[in-house]
Structure formats: C-alpha cells, structure tokens
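The values are calculated or read from the model by the stated rules, or taken from the named source; none is laboratory data. Treat the numbers as computed from the prediction; the structure is a model and nothing was measured. Here Cβ is always computed from backbone atoms with ideal geometry, including for glycine, and neighbour counts include all displayed protein chains. To get the accessible areas, we keep the full protein, side chains included, count just its heavy atoms, and leave off ligands, DNA and RNA. Shrake-Rupley method; radii C 1.70, N 1.55, O 1.52, S 1.80 Å.
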Amino acid sequence: MGLGSPSFVSSFVLALALVLCPCLNRAINAIVAPQEVGGCELFQGSWVYDDSYRPLYNTAACPFIETEFDCQKNGRPDHLYLRYKWKPSACELPRFSGEDFVRRMRGKKILFVGDSLSLNQWQSLTCMLHASLTRSNYTVTRTGDVSTFDIHDYGVSVVLSRNAFLVDVVKENIGRVLKLDSIVNGNAWKGYDMLIFNTWHWWLHRGRKQPWDYIQQGETIHKDMDRLVAFKEGLTTWSKWVDSNIDPTTTTVIFQGISPTHYNGKEWNESGTTTCDGQTKPISGSEYPAGPPPPAAIVSEVLSKMATEVTLLDITKLSQLRKDGHPSAFGSEGRGGNDCSHWCLAGVPDTWNQLLYTTLVNGVDQISSGASGQAIDAKVAPQEVSSCDVFQGSWVFNDSYRPLYGTVACPFIDTEFDCKNRRPDHLDLRYQWKPSACELPRFSGEDFVGRMRGKKILFVGDSWSFNQWQSLICMLHASLPGSNYDLTRTGNVSTFYIHDNGVSVGLSRNSLLVDLVKEKIGRGLKLDSIVNGDAWKGYDMLIFNTWHWWVHTGKQQPWDYVQQGETVRKDMDRLVAFKEGLTTWSKRVDSNIDPATTTVIFQGISPPHYKEGITQQQEKEKKCSSNSSSFTDLSIASSPSRIIRPGSALASPPSADQPGSIDAAFPGELVRQQAWPLPDVWLQSPDRNM
C-alpha cells in the first residue's frame with residue numbers, strides 16, 4: 001500500500017478523529033478517565049441490586065444538603081434503595097470521577113435553571129463533587145434565587161437559578177400573570193459554558209399551590225387553559241429564546257427531561273395506591289407499565305424543531321422505574337408528608353449526574369426521545385468505539401471500499417502525495433484499517449466541524465504533519481462540498497479556514513520542534529530551546545510530530561552542530577539527542593499550554609519502508625524506526641498530554657521529508673506515501689472530548 005494512497009492517509013486522519021473520542025487506553029502520567037460508553041443507549045436498561053454498592057457520598061458529610069432530601073436523617077428505616085445501580089442494556093455506566101469532571105470543566109461555569117427537581121439534581125452534583133474533592137477549597141453562596149457552588153482550585157462554578165416555568169410570571173394589577181410568550185429573565189442565563197434546563201412540575205399545580213392567577217398567550221388572557229397546551233407554548237418560547245440568544249460554539253445546552261411522580265399505583269399495577277410510602281424496590285425490568293408521561297413527547301417535539309443543538313438528558317423512564325426513590329413520609333414534612341415528586345439524596349439524581357458526566361465524557365450530541373430513545377431530527381454522529389484499542393488490528397481488503405475523497409477533486413493537494421501519476425494499480429485504495437475488537441466509524445466531516453465549530457487546530461511538525469494535514473483538509477473539502485473556505489500560506493504556516501463553521505486547520509512546518517538557529521559557526525540545533533513555541537499558543541488543539549529529521553546525515557542534515565546546555569558538539573547519538581529535544585518540548589507544553597482550553601496530541605512515529613538495496617543512510621533510518629516504540633514513550637512520560645500513536649496502525653509510509661522539498665530526502669528507490677489512504681485512517685481515531 002502506497003504511503004500517499006487515500007485509504008492509508010485517511011486511516012491516519014481517522015485516527016485523529018477517533019482521538020476526538022477518548023478511546024485511548026494508554027494515558028501518560030494523567031488521571032485515568034472513565035471508560036467510554038460507545039454505541040450504547042444510556043437511557044435504556046434496568047436497575048440492578050448490588051449489595052456491595054455504596055452511594056457516591058454520605059449525606060451526613062455533605063454540609064449543604066437540604067433537609068427535605070435527606071431521607072436517612074429524616075428517619076427512613078430501610079437502605080435497600082441505596083443499593084441499586086442503573087445498568088444500561090448494552091454497556092456499563094462509568095463510575096463518577098469528580099476529579100476528572102472538574103478537570104474537564106476547568107475554568108467553566110455550569111448553570112441549572114428550573115424548579116425544585118433542578119435543585120434536587122444540583123444538590124446531588126455538589127455533594128458528589130464535595131465528596132470527590134476532599135481537599136479542594138470551595139464556597140457555597142446564595143443571592144436571591146441563585147445558589148453558587150465554587151471550586152476555587154479549578155475555577156469551576158456550579159450554579160442553580162430557581163425558575164419553575166422558564167417563561168415569566170409577572171405581578172400586574174389583575175394579579176400574577178404567567179406569560180407564555182415572554183422570557184425577560186433569560187438575560188441571567190447568558191455567559192455560562194453549560195446550561196441545564198428543566199420545567200414541568202409546576203405546570204400542573206392548582207389551588208393554593210398554583211403560583212399564578214392568569215395565563216397570557218399573545219394578547220389573550222385566560223383564567224386557565226389546558227396545561228399541556230400551555231406547557232408546549234411556554235417550552236416553545238424557551239426554545240426560540242435559546243435559538244436567538246445562545247451561541248452553541250461556546251455554550252452547551254442540556255434539557256433535563258421529565259422527572260416522574262408516583263402517586264397513582266395503577267401506573268405500576270398496584271391499584272388503589274395513592275402514595276409511594278412503603279415502596280422499597282424499583283419496578284423490575286426495563287419498561288414502565290403506564291408508558292411515558294404526556295409532557296415527554298412535547299419535550300421531544302420542541303427540541304427536534306430547534307436550530308440549536310440541545311442534548312436531552314432522558315431520565316424519564318429510568319426514573320419511572322424507581323417508585324422506591326422518593327422521600328414519601330421522610331421529607332421535610334416528616335411522617336405527615338407524602339412527597340412522591342422529589343427524590344431522596346443520596347439516590348436517583350446521582351444517576352442523573354452520572355449520566356450527565358458520561359454525556360460530558362463521550363461528547364454525546366444527539367437528542368434522545370423520551371418516548372422511544374431514538375434520535376430526534378438530529379445529525380447522526382459516528383458510533384462510539386468503547387473499550388477498544390483502535391491501534392491494534394490489521395488491514396482488511398474490501399473491494400467495495402472507496403476512499404473518502406478523490407485527489408483529482410481536491411484542488412490543493414501537493415503533487416508529491418498524489419500517486420495517480422505514478423501508480424498503475426488501485427489495490428492500495430481498497431484496504432481498510434480494522435481494529436481487532438471493533439469497527440472504525442466512517443469519517444464525517446459535517447460531524448467533525450460541528451464538534452470543532454469556532455475552534456483552531458494546528459499541526460506542528462515535519463512533512464508527516466504536512467501529509468496528515470493535507471489528508472484532513474481533502475477529507476473536509478470532500479465532506480463539505482458547499483462550504484466557503486480559504487487556503488492561505490504565510491511563511492511556514494498554511495491555514496485551511498472553513499468560514500461556515502469558523503474552523504481553522506493550520507500547519508506549521510517545524511521538523512525538530514526545538515530551535516534550529518543560524519550562528520557564526522553554522523546552523524545550531526539547540527536541544528534546550530524552543531523560542532519558536534510562542535507561535536503555538538492560542539489554539540484549541542495542537543497536533544505535534546517529530547523524528548524523521550533527527551536521523552539525517554550528510555547533505556540532508558539540516559544542522560552543523562548540536563548544542564546541549566553549554567556544550568556544543570559536532571554530532572551525538574541521535575536517539576539521545578531526540579530524547580533531549582522531546583523532553584524540552586514536553587516541558588514547554590507543561591509550562592505554556594493550559595489543558596483546560598487546549599487539547600495536545602502527539603502524532604506518533606511514522607515508519608519508512610524501503611526496498612532492498614537501500615543506502616547506508618536509509619539503513620540507519622530503518623534501524624532507528626524499528627525502535628520507535630522505545631522512544632515514543634521516553635521523555636513525554638512526564639507530560640500530562642494525551643498521546644495518539646497512529647504509527648502502530650501504519651502499513652507502508654514513505655520517507656520524503658526535506659523542508660521545502662518533500663521528495664528530496666533520500667536518493668534511491670522507495671515506497672512513497674500518497675495523500676491517502678493511510679493518514680486518512682490516522683484521522684478517524686474517535687475522540688468525543690472536543
């Protein structure tokens with residue numbers, strides 16, 4: 001398979017796209033993130049009893065929990081409800097990691113907006129974080145209807161704004177008016193990185209508990225109206241407000257879903273029961289006998305019509321199964337109460353937050369239907385690849401496979417990567433990379449730019465970075481035929497910019513990463529210096545690569561001497577020099593890159609494949625490349641950056657890599673890489689944490 005063939009480079013690019021889905025099973029010196037839950041409907045499943053299971057926190061140790069949710073403190077005698085875990089039908093739910101959560105959300109603000117069910121979930125999450133981060137400095141404050149939990153060590157704010165209807169309730173001369181077409185109070189929701197909305201509970205209240213006297217719909221004022229119709233009208237107003245006021249490139253919007261009540265025993269085949277008091281076990285199985293509540297369908301319908309991408313945290317069915325999870329007589333009202341609306345803490349809302357966390361980890365962006373669990377009018381994202389080492393596998397011939405783009409139709413591909421002028425065969429274009437334990441999802445340019453909207457990517461490295469960068473921009477060009485784009489070059493930096501999505505894919509040609517400086521004695525390779533690293537700042541994703549030029553000698557060697565500290569050498573062991581330079585790079589990344597705002601990826605070692613009769617220089621290159629597994633893990637082990645190793649997935653990459661001349665690196669016959677397919681596969685590696 002040629003190095004430039006579309007399926008070879010495409011596989012390389014596919015590996016990167018997969019690194020936009022954290023399936024990597026080898027993190028370097030980093031906190032272990034939870035296992036991905038790929039291709040799994042998280043909200044379909046059942047509650048499983050596990051006597052060894054313990055809640056994520058002890059309410060007695062959570063100093064700010066509300067009395068009405070602390071069922072154990074209020075005298076609930078049983079503990080069985082604390083031993084049930086939510087088990088999706090096709091996967092395991094990862095256990096919540098507070099440390100991983102705040103690292104992902106470092107410097108960000110989360111706002112829950114809704115009624116007391118939002119309070120229920122907010123209190124659960126703050127207790128989970130408090131228990132996970134025992135040494136963190138935090139404060140809890142309340143101003144009016146807004147409560148804020150600040151974790152100062154990470155700059156994370158988790159805020160609750162009490163707002164039962166989302167639309168406005170206004171005091172006027174005639175009384176309290178619920179205005180279905182108005183959201184003046186929405187200004188307070190701006191400026192957050194994540195918004196989690198909820199409403200429904202108060203739309204049904206009547207009598208003394210009804211917080212309004214009239215309903216206004218347009219110019220019409222009603223004393224009352226069908227509550228489902230009013231709910232749909234109000235939710236539609238909210239959806240229009242979100243579409244008009246929220247920028248999805250900076251703010252993630254989530255709708256909590258409908259939290260069910262358990263006052264009618266007929267719903268779970270216990271006729272005559274009007275309370276959840278005495279319930280100690282969930283409903284068995286995965287289906288609720290009464291089916292979904294009517295407002296769930298309205299939520300799905302309204303979300304499906306929105307222009308803004310909104311994730312539905314579809315907690316309805318799984319919560320319906322938990323008739324045992326409410327405070328009942330053990331809420332704030334004591335034995336005289338009958339609260340079958342809210343939830344005990346610890347309890348069911350902890351699972352909601354576990355699902356929220358899993359959604360955050362996996363970057364789930366499809367809207368699930370409360371009624372069916374199917375995607376609602378949403379673009380299909382690639383299937384997750386869970387617990388699968390995507391770099392272990394083999395190349396499989398598929399005669400029906402076609403590359404992700406034709407080089408003829410890619411107007412900016414470089415001649416040296418386009419093998420159409422040299423290769424008589426097309427077999428190399430029919431091979432697909434097949435991981436041993438899963439299928440690699442096909443690259444979706446539309447999904448890629450949707451995830452990267454408004455962000456900047458920069459490849460930094462030698463011509464292998466150029467190879468991968470050209471592959472990616474050809475893949476995007478083919479996937480987005482109607483998009484408006486620019487391709488520019490200034491000095492050593494080339495930039496492919498997609499105007500419709502505000503996505504920038506740049507390439508900075510830098511073969512050694514450390515500095516190469518012209519001085520009086522000649523060109524000096526300075527192993528301890530990265531002055532040029534200032535140009536790497538301000539990007540959302542950095543993809544580094546180096547190795548190829550470290551083994552060049554003679555005319556192809558781009559430096560005259562090597563400087564290590566104060567010591568200047570004419571030459572030195574190249575692996576030692578490489579390790580020293582890569583260590584300098586790792587320190588530069590640790591000191592200058594904020595992982596809360598920038599994802600750092602290392603491309604890995606791309607190996608050469610020469611035919612018999614190679615030159616002495618080629619032999620040295622070949623020998624060094626055969627040891628790549630040892631030095632990909634050398635000095636970068638001290639860096640917290642995540643590493644992608646597409647080299648293990650390569651079939652036959654080339655070796656042409658001279659700055660300014662791709663194919664001048666080595667004399668003699670070699671197997672060359674086309675623009676695709678291999679780097680195309682590199683870019684298919686899934687990573688949803690963008």
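Going through G278, G285 one at a time, which residue ends up being part of a loop (DSSP other than H, G, I, E, B), open to solvent by 30 Å² or more (accessible area, probe 1.4 Å), in contact with a strand residue (DSSP E or B) (Cβ under 8 Å, 6 or more places away or on another chain) and closer than 19 Å to D50 by Cβ?
G285
In the range 197-246, how many residues are in contact (Cβ under 8 Å) with a residue 24 or more places away in the chain and not small (G, A, S)?
29
Just name the residue that is modelled with the lowest pLDDT out of those in the range 376-417 that are among the hydroxyl-bearing types (S, T, Y) and open to solvent by 40 Å² or more (accessible area, probe 1.4 Å).
S387
At least 3 residues that are in contact with a helix residue (DSSP H, G or I) (Cβ under 6 Å, 6 or more places away or on another chain) and buried (at least 22 other Cβ atoms within 10 Å of the Cβ) in each: list the strands (runs of 3 or more DSSP E) lying fully within the range 430-498 that qualify.
Once the strands (runs of 3 or more DSSP E) in the range 430-498 are filtered for at least 3 residues that are in contact with a helix residue (DSSP H, G or I) (Cβ under 6 Å, 6 or more places away or on another chain) and buried (at least 22 other Cβ atoms within 10 Å of the Cβ), nothing remains.
Could you please tell me which pairs satisfy a Cβ distance under 6 Å, a separation of 6+ or placement on different chains, a first residue in the range 61-85 that is closer than 28 Å to S286 by Cβ, and a second residue that is of a type in the set (V, I, T) and open to solvent by 60 Å² or more (accessible area, probe 1.4 Å)?
Correct list of pairs: K85/V48.
Across the range 245-275, what is the total count of residues that are assigned to a helix (DSSP H, G or I) and closer than 24 Å to L356 by Cβ?
1
Can you report the number of residues in the range 42-65 which are assigned to a loop (DSSP other than H, G, I, E, B), of a type outside the set (K, R) and either touching a strand residue (DSSP E or B) at 6+ places or on another chain (Cβ under 9 Å) or open to solvent by 60 Å² or more (accessible area, probe 1.4 Å) (or both)?
Matching residues across the range 42-65 total 10.
Can you name the number of the only condition in (1) small (G, A, S); (2) surrounded by fewer than 16 Cβ atoms within 10 Å (Cβ to Cβ); (3) part of a helix (DSSP H, G or I) that A535 fails?
Of the numbered conditions (1) small (G, A, S); (2) surrounded by fewer than 16 Cβ atoms within 10 Å (Cβ to Cβ); (3) part of a helix (DSSP H, G or I), the odd one out for A535 is (2).
Does the range 312-330 contain any residue that is open to solvent by 40 Å² or more (accessible area, probe 1.4 Å), within 32 Å of the chain's Cα centre (by Cα) and of a type in the set (A, V, I, L, M)?
So far as the range 312-330 goes, no, none of its residues is open to solvent by 40 Å² or more (accessible area, probe 1.4 Å), within 32 Å of the chain's Cα centre (by Cα) and of a type in the set (A, V, I, L, M).
Go through the range 265-285 residue by residue and tally those that are within 40 Å of the chain's Cα centre (by Cα) and either closer than 27 Å to F231 by Cβ or of a type in the set (K, R) (or both).
5
Would you mention how many residues in the range 543-600 are of a type in the set (D, E) and part of a helix (DSSP H, G or I)?
Counting residues in the range 543-600 that are of a type in the set (D, E) and part of a helix (DSSP H, G or I) gives 2.
If only one of G257, G325, G272 is in contact with a helix residue (DSSP H, G or I) (Cβ under 9 Å, 6 or more places away or on another chain), under 23 Å from L195 (Cα atoms) and of a type outside the set (K, R), which one is it?
G257
Do any strands (runs of 3 or more DSSP E) entirely within the range 127-222 hold 2 or more residues that are of a type outside the set (V, I, T) and in contact with a strand residue (DSSP E or B) (Cβ under 7 Å, 6 or more places away or on another chain), and if so, which?
Fully inside the range 127-222 and qualifying: 146-151, 156-162, 175-179, 194-197, 214-217.
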